[in-house]
Amino acid sequence: MPSALPDGEPVPSDGALPASALAGAADRPLGFYLHVPYCATRCGYCDFNTYTATELRGTGGVLASRDNYADTLIDEVRLARKVLGDDPREVRTVFVGGGTPTLLAAGDLVRMLGAIREEFGLAPDAEVTTEANPESVDPAYLAELRAGGFNRISFGMQSARQHVLKVLDRTHTPGRPERCVAEARGAGFDHVNLDLIYGTPGESDEDWRASLDAAIGAGPDHVSAYALIVEEGTQLARRIRRGEVPMTDDDVHADRYLMAEEVLSAAGFAWYEVSNWATSEAGRCLHNELYWRGADWWGAGPGAHSHVGGVRWWNVKHPGAYAAALASGRTPGAGRELLSEEDRRVERVLLELRLREGVPLSLLKQDGLAASRRALTDGLLQEGPYAGGRAVLTLRGRLLADAVVRDLVD
Amino acid sequence: MPATPNNVPEPSRTDPALIRNFCIIAHIDHGKSTLADRMLQLTGVVEQRQMRAQYLDRMDIERERGITIKSQAVRLPWAPTHDKGNTHILNMIDTPGHVDFTYEVSRSLAACEGTILLVDAAQGIEAQTLANLYLAMENDLTIIPVLNKIDLPAAQPEKFAEELANLVGCEPDDVLKVSAKTGLGVEALLDKVVAEIPAPVGVKDAPARAMIFDSVYDSYRGVVTYVRVIDGQLNKRERIRMMSTGATHELLEIGTNSPEMLAADGLGVGEVGYLITGVKDVRQSKVGDTVTSQAKGATEALGGYKDPKPMVFSGLYPLDGSDYPELREALDKLQLNDAALVYEPETSAALGFGFRVGFLGLLHLDVIRERLEREFGLDLIATAPNVVYRVVMEDGSEHVVTNPSEFPEGKINEVYEPVVRATILAPTEFIGSIMELCQTRRGTLLGMDYLSEDRVEIRYTLPLAEIVFDFFDQLKSKTRGYASLDYEPTGEQTSSLVKVDILLHGDKVDAFSAITHKDAAYAYGVRLVAKLRELIPRQAFEVPIQAAIGSRVIARETIRAIRKDVLAKCYGGDISRKRKLLEKQKEGKKRMKMVGSVEVPQEAFIAVLSSDDSAGSAKGKK
């Protein structure tokens, strides 16, 4: 969740959606994202909406604390029920992210999930994920989550190398995330993800390969690998500006990405989104696929974004302001945008092109189609799928996806 | 409180014996406008309460940059202190203070019998002032040397009085010391103007002959022409004739400025004033031309008329191609007021549609560009200024090149470039570095004179092209800002000049072609190619950047193909941000100029071409 909120129009105080947003909803899957805006410490590269204080005071003295956070968030789930009215859909996916969700008691996470089950019902095969910090879970915690209905867990491993973790300000010790995978498996989790970051200043090719090997060795069914983005305003950005750590070159990022593809595919992982690999169809993150395929999801929590039927909205960022809004019965929504047909087309192109299935060529206009033919000639799109009417990125194309999108949306 | 004296002679009925026509020669910042302000006040033509600083500088740009571009004339009545009953008419003709406008200065001087040489008592004389002083001496003007700002703590009146006395050929005690700011000594100066500057002499009964020394376009009144009557008389409502073109006009209004326009019955021998004929374009009323009556007019024009000749050319292109019609309209409007401004449409493969514009010099270029941007709201890219080359081919044919990209291919016999005589004044400690700079710019030393113990005048012949290219910046930095520069065209010379082309991915970028001396070509090529490598973003393919003379590549860099252009994360909250980023990137893409298949940001053009802009803007501050 990027730290800056976009510009948009105000959200009505009861959070009501235009009728158009709910039209045809039954045909779209519905998911929930639950944001937990707390961390033990802030990592130097992080610009997410998260806070290290355990208590934050909102308007009118409303207290937003880690301890009552689950109750506040449950208020928003109930609000969602009201806003979606008689929408009959069961929830297909739930994803708890942060921040550090596992800073909350496992019981809190289970209660939040329970509220969704109560208000909406969970589909029988629902995917229920939480992000977890390797240092803040143990087998008992994991067992409690599993018993409470969580069936997927995502650990922030980032790197297997101590000096890389240090630059990232990650506090866990190397080896811990890999043991977490085993503990999660032991607790009965079907699906386990490890998040990796490449291109950290000071990371060598060899460091990266070691991280990939360690991750694979731990036996997850899903790996996400992200190029380190140095966001403005972060501690890391300041350190780079001061020359304390070097900036990683884009070419290095490209090399590391190629290495990730090579090592992961050799280990039986297949890419299904630019930064995501899974060992099987079933290992894919269904919740993330909702984002990429234009489905509906309700994002609850400070700064969380939602999308329902062409309306995108986002909540106020500060936990205090968030809690105060809900305490007074108002929506915590800070702003929204109603997408035009063209906006939705553009979003589909930019999101679906990142996927293994690619974009149907029928979605492109004349100039975009011409651009797609050039991209094909330039080796950025795959021949086979193109003949079948889809623009699917080649490996080189994946590294230049944004450039291809810029041409294809014309 | 001074007031306008009684018995002020009226225009057309003023005895030439009572008239004094003078101008003020001064360096920028030496206080000319402030002195003019004091004179307006002391003679009572501007009431105290209407007074504002630099009353006569009309254009915003003039006031802001402290430079006077267009000259004007003000009629000031003055009763000398020793002869209160005898009111004289002082016509103060304001001269432009810059090298680009030497011709206009020379015409202003030709309208005067004397000049005040105004020098800052803390700084001493500067190169342009010296150049204009020589011009005044050639015109046989009476020179009244004056040191200004004597109230400043840093003033060194004795030292600089000595310097002025040496230059003018008088005693140091003859140098007046004033403070235009406080008014100290200004009355004495006006008395001295009456006492020392000769009255104009002309033939009263001869056919009218008046010299145009300025011509200004006014959006309400059309062209206002400033003249000095030499012989005879011009009367209101008569028909007049411009002797260079033979065109005749009805005189809608004739009058004087004090300082606002005031209609009169006419202008007689020695008088200075304005004419309005209803023409809309200053090119129909050219500086230096002679005005006479249509009926029984003069047959022989006054000497000295010249057509202004552009010395420096630059391509002006709108940043946004759709502004092209606005640019044309703006140039048309500026030309109404600027007979020296010439332009014709040109097309650049890299920059689109624009104009090749000819200027008198770098300040002229800078002023025009700034006015286009400020008064007309245009965003422009200007190509590096270049001079005019004459290329003689082996087959004897000849090309005049005003745009480097049009430099002819094929067998060239000789290339001629304009040269100037440059005068540099500076403290003696900088002689070495100035000579070094001039040598590297292909200069030939003409001579050197000491103005005083620690100040020197150095004269060089230099190719104009070398001055156009950041010379002034270099001079200023090598002399810690102490040197001043003046130059005048003196002709042309043959030189070993070559055209350096810049190629992007094999395509010539016309806007970057330059004509340089063959010894400087390599350095130019290397510098530009390196700069472009920094400025052009990586593309989907590898882009070679080459500098070449003809087909010979003299410098090469490569922009590696971009390998990564993808955002790592794209989840729920990233989507809006990503779509907005995409919209922004697409806007940015629109601002890219395509050179062949390479996208070049406009900023790259501006940055590369601006290495010469800095020289241009520095000129204005001179």
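Between B:Met242, B:Leu331, B:Val419, the Cα set farthest toward the positive side of the dipole of the protein assembly as shown (charges on each charged residue's Cβ, about the Cα centre) is that of B:Leu331. Compared with the dominant principal axis of the Cα atoms in chain B, helix B:186-196 is inclined by about 70°.
Cβ neighbours within 10 Å, averaged per peptide: list B:534-543, B:468-477 in order, most packed at the top. Mind dumping the intermediate values first?
Working: B:534-543: 16.8, B:468-477: 20.7.
So the peptides B:534-543, B:468-477, ranked by packing, come out B:468-477, B:534-543.
Work through the residues other than A:Asp125 whose Cβ is under 11 Å from its Cβ and net out their charges, Lys, Arg +1 and Asp, Glu -1. Within the 11 Å Cβ shell, the charges total -2.
In this label model, A:Glu90 and B:Arg221 are separated by 9.1 nm, measuring between points 7 Å along each Cα→Cβ vector.
Under the simplified labelling scheme, the A:Leu63-A:Lys166 pair shows an inter-label distance of 4.0 nm, with each label point 7 Å from Cα along Cα→Cβ.
Taking Cα pairs under 8 Å and at least six residues apart, what relative contact order does chain A come out at, in percent? Display every interim value, and only then the final one.
On the way: 782 pairs, mean separation 76.5, N = 410.
About 19 percent, as a whole number.
Placing +1 on the Cβ of every Lys and Arg and -1 on the Cβ of every Asp and Glu, with no other charges, gives the protein assembly as shown a dipole of roughly 1240 debye about its Cα centre.
Counting only DSSP H runs of at least 4 residues, each contributing -39500 (n - 2.57), and dividing by the residue count of chain B, the helix-based mean residue ellipticity at 222 nm comes to -8500 deg cm²/dmol.
Placing unit charges on C-beta atoms (Lys and Arg positive, Asp and Glu negative, everything else neutral), compute the dipole magnitude of the range A:341-409 about its Cα centre in debye, rounded to 20.
Working: 12 positive and 11 negative charges, 39 e Å.
Dipole of the range A:341-409, to the nearest 20 debye: 180 debye.
When the GluC sites (Glu not before Pro) in the range B:267-372 are filtered for DSSP coil states and for at most 16 other beta-carbon atoms within 10 Å of their beta-carbon, the remaining sites are B:Glu300.
Ordering A:Gly97, A:Pro124, A:Ala140 by the projection of their Cα atoms onto the charge dipole of the range A:1-156, which places +1 on the Cβ of Lys and Arg and -1 on the Cβ of Asp and Glu, puts A:Ala140 at the extreme positive end.
The mean number of partner chain beta-carbon atoms within 10 angstrom of a residue's beta-carbon across peptide A:247-254 is 3.
Any chance you could run the full-extension gain for B:Ala523 through B:Asp379? It's 0.36 nm times the residue separation minus the Cα-Cα distance, nm to one decimal. Working shown, then result.
Values: separation 144, 0.36 × 144 = 51.84 nm, distance 3.05 nm.
Here the answer is 48.8 nm.
On the basis of the beta-carbon distance and an R0 of 30 Å, B:Ala165 and B:Thr299 show a calculated FRET efficiency of 0.10. Our helix-only sum for chain A, with -39,500 (n - 2.57) per DSSP H run of n ≥ 4 divided by its residues, gives a mean residue ellipticity at 222 nm of -11000 deg cm²/dmol. Shape annotation for the range B:312-383: C-alpha extents along the principal axes are 28, 22, 16 Å, from largest to smallest.
Volume of the convex hull of the range B:209-293 (Cα atoms only), normalised per residue: 76 Å³.
Across chain B, how large is the tail of the calculated P(r) beyond 46 Å, expressed as a percent of all Cα pairs?
Values: 48492 of 193131 pairs.
Of all Cα-Cα distances in chain B, 25 percent exceed 46 Å.
Taken along its principal axes, the alpha carbon cloud of the range B:268-405 reaches lengths of 57, 46, 24 Å, longest axis first. Summary of packing: across the peptides A:361-368, B:119-126, B:454-461, the per-residue average of other C-beta atoms within 10 Å ranks them, highest first, as B:119-126, B:454-461, A:361-368. The mean number of Cβ atoms from other chains found within 10 Å of a Cβ in peptide B:578-589 is 4, as a whole number. Between helix B:431-440 and chain B there is an angle of about 50 degrees, using the helix long axis and the longest principal axis of the Cα atoms.
Go ahead and run the numbers for FRET between A:Ala267 and A:Glu357, Cβ-Cβ distance against an R0 of 22 Å, rounding to 0.05. Once rounded, the FRET efficiency stands at 0.50.
At 0.36 nm per residue, and after removing the present C-alpha to C-alpha distance, how many nm does the segment from A:Ala23 to A:Arg293 gain when stretched out fully? Please list the in-between numbers first.
Numbers: separation 270, 0.36 × 270 = 97.20 nm, distance 1.72 nm.
That works out to 95.5 nm of additional length.
Rounded to the nearest 20, the Cβ-based charge dipole of the range B:389-498 about its Cα centre (Lys and Arg +1, Asp and Glu -1) stands at 300 debye. Rounded to the nearest 0.05, the FRET efficiency derived from the C-beta distance between B:Asp83 and B:Arg480 at R0 = 56 Å is 0.70.
Annotation: peptides B:303-310, B:190-197, ranked by per-residue average of other Cβ atoms within 10 Å with the highest first, follow the order B:190-197, B:303-310.
For the protein assembly as shown, what is the percent of antiparallel DSSP beta bridges, rounded to the nearest 5? Of those bridges, close to 70 percent are antiparallel. Shielding of peptide B:553-566 by partners, expressed as the average count of other chain Cβ atoms within 10 Å per residue Cβ, is 5. Compactness of the protein assembly as shown, taken as the C-alpha radius of gyration over 2.2 N^0.38 Å, stands at 1.29.
For a quick check of your reading of the filter: which chymotrypsin sites (Phe, Trp or Tyr not before Pro) in the range B:344-439 sit in a DSSP loop and have no more than 16 other Cβ atoms within 10 Å?
Values: sites: B:Phe353, B:Phe355, B:Phe359, B:Phe376, B:Tyr389, B:Tyr416, B:Phe430; in loops: B:Phe376.
Here the chymotrypsin sites (Phe, Trp or Tyr not before Pro) that fit, given the DSSP loop and packing criteria, are B:Phe376.
If the chain linking B:Thr440 and B:Glu406 were pulled fully straight, counting 0.36 nm for each residue of separation and taking away their Cα-Cα distance, it would gain 9.6 nm.
Quick note: the coordinates plus some simple rules give every number you see, no bench work behind them. Worth saying up front: this structure is predicted, and the values here are computed from it rather than measured. Every residue, glycine as well, gets a Cβ built from its backbone with ideal geometry; the counts of neighbours run over all protein chains shown.
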